[in-house]
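Structure first, then comments.
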Amino acid sequence: MKTVVDLADVSDSDRPLVGGKASKLGELVREGLPIPPGFVVTTEAYRAFTSIPSLAKVIRESLGTIDPAKPETGEGASERIRAAFEVTELPAGLRQELIRAYESYAKANSVRFSAVRSSATAEDLEGASFAGLQETYLNVTGTDAVLRMIRRCWSSVFTPRVLAYRARKGFEHTEVTLAVLVQKMVDSTVSGILFTRDPNTGENRMIIEAGWGLGEAIVGGEVTPDHYVIDGSTQEIIQKQLSEQRIRIVRADGGGNEREDVPEKDRRAQKLSDERIRSLASLGRRIESHYRRPMDVEWCGDRHGLYIVQARPVTTIPTSAASRPSSTSPASSAGMSSAGAPATPTAQGEEGAILRGFGASPGQASGVARVLAGPSDMEKLRPGEILVTTMTTPDMVPAMAHAAAIVTDEGGMTCHAAIVSRELGVPCVVGTRTATKTIADGSEVTVDGKTGAVYRGRRTTLLAAVASVGSGGPLGTAGGGHSAPVTATKIYVNVGVPEKAAEYAQLPVSGVGLLRTEFIFTTYVREHPLKLLQEGRREELVRRLADGIAQVCQAFHPRPVIIRTSDFKTNEYRGMPGGAQFEPTEENPMIGWRGCSRYIAPTFRPAFLAELEAIHRIRTERGLKNAHLMLPFVRNTWELEEIAGMLREAGLRRSRDFKLYLMAEVPSTVLLARDFSKFCDGFSIGSNDLTQLVLGADRDSETLGRMGYFDERDPAVQRAIELLIEGAHAEERTVGICGQGPSVYPEFAEFLVRRGIDSISLNADTVVPTIRSIASLEQRMKLEGIRRPNPEGRA
């Protein structure tokens with residue numbers, strides 16, 4: 001059992017072992033970014049502790065008393081469970097291992113104060129951030145105190161608001177595990193956040209927010225930070241908005257935190273020098289280059305330098321940059337400058353706004369304003385009203401979910417209100433300073449979460465103008481919850497988390513173009529499949545897989561759901577409980593034992609057959625005939641001959657109502673598309689793998705990414721896609737693509753549509769804007785007279 005690992009030895013593939021926060025930071029340590037040193041107490045240590053019979057009994061019995069209709073039952077269960085965590089002693093062996101790890105880390109890094117941070121397996125996920133829910137303790141000093149805070153982090157899995165949040169998001173309480181990250185504490189003089197792209201408009205500009213002291217004051221919405229905007233191409237500072245800061249959180253004498261007044265001379269001062277702004281922007285560019293997607297980064301600084309303390313993907317980026325910049329000017333006289341001149345309102349109709357703040361979650365809404373003093377006032381808010389408060393807290397999430405929009409006095413782009421609003425899809429404006437005083441309780445207002453403006457009354461003209469943008473054609477409502485233009489190119493959605501399926505099914509899509517089974521393995525199965533088979537638990541493996549897959553198929557029925565069978569690489573499988581004994585160590589797992597080569601290996605064949613049986617069961621026993629199959633990382637046709645036999649063995653045969661697709665990631669499938677077509681009904685381009693193999697550029701290489709080598713828009717990659725489409729269409733097979741490329745690069749989407757791509761599968765947050773973009777393109781093509789109809793029967 002691996003209970004402790006060094007942060008420097010952790011990567012993204014270790015998420016089941018070390019949780020979301022630690023896995024991301026460990027990845028960045030390997031990339032040479034400035035990350036405070038530390039170690040991780042793994043989820044296996046958490047399991048060992050919570051498996052102590054007396055504690056396990058309290059957890060089991062307390063959870064059994066919870067009635068979702070009676071919130072007080074969750075509070076009582078939480079109180080009993082957390083009390084049991086406090087009195088349960090660590091097993092002697094585990095205690096000694098943790099002491100050795102802490103003392104070794106403290107000695108090697110001259111540590112006096114540490115941050116003890118929760119790192120859950122279910123956090124920073126698509127649609128479930130768990131923002132601010134699990135606990136973190138700062139400026140902890142001494143072995144005993146660190147061990148005590150580790151237990152408190154563990155017990156924070158069972159706070160009332162975490163129990164309620166998990167239930168609402170569909171997570172089983174016993175399935176979520178927690179790792180704990182112990183890091184050297186930076187004595188922060190300044191801290192904040194960095195978005196590598198504007199999270200509201202998608203424009204190629206970075207946003208930095210900065211405040212004095214520890215970042216908890218910003219995240220908690222206690223202060224409104226400085227706001228700096230950096231051009232993503234030139235790295236020039238194009239806007240500064242300085243905010244007055246009266247209090248800050250700092251290290252207390254002897255450990256812990258305390259609040260103190262900011263000296264008068266510093267209250268209106270710029271928190272981060274121009275030189276440091278540019279240095280931070282450079283770090284942000286490296287992080288985005290590594291992950292190849294926009295990132296939300298938490299940082300801090302002392303007198304020695306800048307440090308990265310968290311990085312997670314931004315999932316609210318629209319298809320392309322807005323045609324105009326959004327105004328994010330806070331409503332105050334706090335020394336604001338914008339490249340030497342004041343910023344001016346830019347959104348149509350923004351004149352007449354009674355308040356302006358930071359546009360933290362896009363969208364517009366009108367309604368009755370309800371001014372709440374805090375969580376105790378939540379019952380006053382009725383569904384569809386505008387929630388106005390100084391700052392939201394985790395205890396207010398139930399009310400936030402029913403609000404039409406949210407407006408706060410304090411906060412920046414990563415305060416609690418901003419993060420949760422983006423997750424809920426609720427328009428939000430933060431940092432207005434005076435909303436609770438300016439807006440009268442019971443009055444009607446209109447909130448624009450993109451521009452950060454709040455208007456008196458119902459601004460129907462503004463809402464109608466926003467609704468009409470990009471409509472440009474007849475509307476389709478395949479999902480029943482959204483409207484979008486009809487397109488000749490079929491649009492699908494990617495699904496990773498089954499609990500989001502019901503929500504995504506409301507999108508105007510033709511179905512699911514990519515159901516990733518990896519998340520089902522890590523959250524439903526949670527152990528290496530061969531370990532389960534070795535222990536005689538095959539039925540459990542099949543049932544858990546079937547439950548996760550069926551949840552998605554049921555939500556989208558009768559629209560097709562294309563299930564990509566597992567594509568873990570050896571280093572990722574090794575990170576699963578029990579994986580080390582079954583997985584070899586490979587120097588380059590990206591092109592190692594993965595995909596179809598794994599399925600046909602005698603050692604792994606039984607696990608793949610279990611996956612196929614799960615799919616067969618949901619089609620036959622549950623009647624979900626919309627479940628179809630896709631094979632990843634196909635190299636040769638002879639692999640497919642053997643897999644065809646395995647499909648028959650599992651009772652799965654290609655037919656009118658059961659389709660088999662191949663991921664086109666390896667150049668061999670492109671060069672021999674007509675040969676591969678004999679074994680499938682269509683192809684789906686995996687642009688990341690195809691790009692790295694066509695260009696010989698490791699997609700994980702930060703150096704090559706920064707130099708511009710890894711780019712799916714490269715002419716060689718585009719020529720490969722052309723060859724695939726030509727070969728597949730010659731055999732009357734479909735070609736789609738699943739990935740972010742078409743939504744991030746409009747010119748790439750145009751290339752695909754003009755070459756006759758049959759379908760594009762997108763992340764949920766980009767579906768509607770991408771449909772509008774493609775509809776506009778197809779209309780132009782129609783006018784140009786160059787759009788050829790698809791061959792009959794192509795999906």
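Kindly state, to the nearest 0.05, the FRET efficiency for S51 paired with R780, given R0 = 56 Å and r defined as their beta-carbon distance.
0.35
Where a ≥ b ≥ c are the square roots of the eigenvalues of the C-alpha gyration tensor, would you call the chain rounded, which needs a/c under 1.5, or, failing that, prolate if a/b is larger than b/c, or oblate?
oblate
What pairs in K240/K271; K625/K659; K490/K659; K569/K625; K2/K57; K265/K437 have C-alpha atoms more than 19 Å from each other?
Among K240/K271; K625/K659; K490/K659; K569/K625; K2/K57; K265/K437, the Cα-Cα distance tops 19 Å for K569/K625; K2/K57; K265/K437.
Only helical DSSP H runs with n ≥ 4 go in: add -39500 (n - 2.57) per run for the chain, normalise by residue count and round the 222 nm mean residue ellipticity to 500 deg cm²/dmol.
-10500 deg cm²/dmol
Before I look further, what does the range 184-314 give for accessible area per residue, probe 1.4 Å, in whole square angstrom?
36
Roughly speaking, what is the centre-to-centre gap between the range 517-536 and the range 280-310 when only Cα atoms are used, to the nearest Å?
34
Give me the percent of DSSP beta bridges within the chain that run antiparallel, rounded to the nearest 5.
65
Within the set of other residues whose C-beta is less than 9 Å from the C-beta of P362, count the net charge using Lys and Arg as +1 and Asp and Glu as -1.
Summing Lys and Arg as +1 and Asp and Glu as -1 gives +1.
Pop out the carbon and sulfur fraction of the accessible area of the chain as a percent, whole number, probe 1.4 Å.
Here carbon and sulfur together make up 49 percent of the probe-accessible area.
Can you return the aspartates and glutamates within cross-link range of K678? Criterion is Cα-Cα under 12 Å, with same-chain partners fewer than 8 residues away left out.
Reachable aspartates and glutamates: E641, E731, E732.
Apply the a/c threshold of 1.5 to the C-alpha gyration tensor of the range 257-305 and tell me whether it is rounded, prolate or oblate.
Prolate.
Between L723 and N204, what FRET efficiency follows from the Cβ-Cβ distance if R0 is 35 Å, with the result rounded to 0.05?
0.70
According to a simple spin-label model (label point 7 Å from Cα along Cα-to-Cβ), what is the distance in nm between R754 and D377?
Rounded to a tenth, the inter-label distance reads 5.5 nm.
Using a 1.4 angstrom probe, figure out how much accessible area the range 22-62 has per residue, in square angstrom, rounded to the nearest whole.
34
Give the cross-link partners of K782 among the aspartates and glutamates, using a straight C-alpha distance below 18 Å as the criterion and excluding same-chain residues fewer than 8 apart.
E747, E750, D758
Provide the per residue accessible area, probe 1.4 Å, for the range 499-653, rounded to a whole number of square angstrom.
36
The values are calculated or read from the model by the stated rules, or taken from the named source; none is laboratory data. These numbers come from a predicted model, not from an experiment. Here Cβ is always computed from backbone atoms with ideal geometry, including for glycine, and neighbour counts include all displayed protein chains. The area values use the complete protein model at the heavy-atom level, side chains included, leaving out ligands, DNA and RNA. Shrake-Rupley method; radii C 1.70, N 1.55, O 1.52, S 1.80 Å.
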